[in-house]
Amino acid sequence: MGNENGEWIMHGIGEEDPHRIKTADELVAYINEVGFLPLFANAIPGFSVEERTLARDWWSDDPARDPWQWRQIIAAGGQVAYGKFFDKKAGFISLEWLPYFANARRDGYDFDARWEDGKASNRARKIMELFADGEGRFSYQIRQLAGFGKDGEKNFEGTITGLQMETYLVIRDFRCRFNKHGAPYGWPIAVYATPEALWGYDVVTAAYSESPEKSHERFYQHMRRIWPIATERQLRKVLG
């Protein structure tokens, strides 16, 4: 998605293109095939959900064909991880590749160890403490409970994005709030959780036995194989 002359333009694929992804299930299958995939167009040409789907289907509010709706379906389905993983922007990582991203992005640290070594901010610690019980939290709940606001901590969006980039948090669902009568209202809101709570500690940390540098090189080499047109500069921009 690009801003051209003040107008946001979606860069979709042709309707008859054989590479077009048509359903949420097809998208999950493709993510598992390639390993990881940003949601929107980025520095690597063609490497996104946006560029594999029809532009006119976005924000159609039809879950059968709207990729914006698919991200909600896929996040709730738990077959792949969803969050801001690529240059602080949204995307998906397969469960096969999640351990390597976790090892590389965390630099081999569980969050508590990162905090003890002085490598995490107090803002991040306040957020992560909310997930000690393994439960998910709405974004507005996290903001309130962790003390962000007018007279409290600043940069909530930057902090929670950073925790996703480091794979300590993922978006597990999108849900509406409920009024006092029990009726849903408003737009669906992101619900965050730790990947360990969703898929288990052993799954998420399966690559901890190797160096973070080796895990990082694994997904770089994988990208060079499946997307050989990507330059080193583009890879660094998207994968970090």
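The values are calculated or read from the model by the stated rules, or taken from the named source; none is laboratory data. None of these values were measured; they are calculated from a predicted model. So basically every Cβ, Gly included, is an ideal-geometry build from the backbone, and we count neighbours across all protein chains shown. Just the protein is used for accessible areas: all its heavy atoms, side chains included, with ligands, DNA and RNA removed. Shrake-Rupley method; radii C 1.70, N 1.55, O 1.52, S 1.80 Å.
Observations on the model:
- Members of segment 225-240 found to be open to solvent by 20 Å² or more (accessible area, probe 1.4 Å) and hydrophobic (A, V, I, L, M, F, W, C), listed by number: I226, W227, I229
- K150 falls short on exactly one of the conditions (1) within 22 Å of A190 (Cα to Cα); (2) modelled with pLDDT of 95 or more; (3) open to solvent by 60 Å² or more (accessible area, probe 1.4 Å); (4) not small (G, A, S), and that condition is (2).
- When the strands (runs of 3 or more DSSP E) confined to segment 1-116 are screened for residues that are closer than 26 Å to Y192 by Cβ, touching a residue at least 24 places away in the same chain (Cβ under 8 Å) and open to solvent by less than 40 Å² (accessible area, probe 1.4 Å), those reaching at least 3 such residues are found at 36-38, 80-86, 89-94.
- Residue tally, condition open to solvent by less than 30 Å² (accessible area, probe 1.4 Å), assigned to a helix (DSSP H, G or I) and over 12 Å from L169 (Cα atoms), over segment 117-140: 0
- Subset of segment 163-192 [within 24 Å of D133 (Cα to Cα), out of contact with any Lys or Arg (no Cβ under 8 Å at 6 or more places or on another chain) and not in a strand (DSSP E or B)]: L163, L169
- Assessment of segment 215-224 against the conditions (over 25 Å from V80 (Cβ atoms), open to solvent by less than 30 Å² (accessible area, probe 1.4 Å) and touching a strand residue (DSSP E or B) at 6+ places or on another chain (Cβ under 9 Å)) yields no matching residue.
- Across segment 78-101, the number of residues qualifying as touching a Lys or Arg at 6+ places or on another chain (Cβ under 8 Å) and of a type in the set (D, E, K, R) comes to 1.
- Just one of the numbered conditions (1) farther than 18 Å from E135 by Cβ; (2) open to solvent by less than 40 Å² (accessible area, probe 1.4 Å) is not true of S209: (2).
- Just one of the listed residues (G108, G77) is more than 18 Å from E51 (Cβ to Cβ) and at pLDDT below 95, namely G108.
- Set R143, R172: member being open to solvent by 20 Å² or more (accessible area, probe 1.4 Å), over 17 Å from the mean Cα position of the chain (by Cα), at pLDDT 95 or above and basic (K, R): R143
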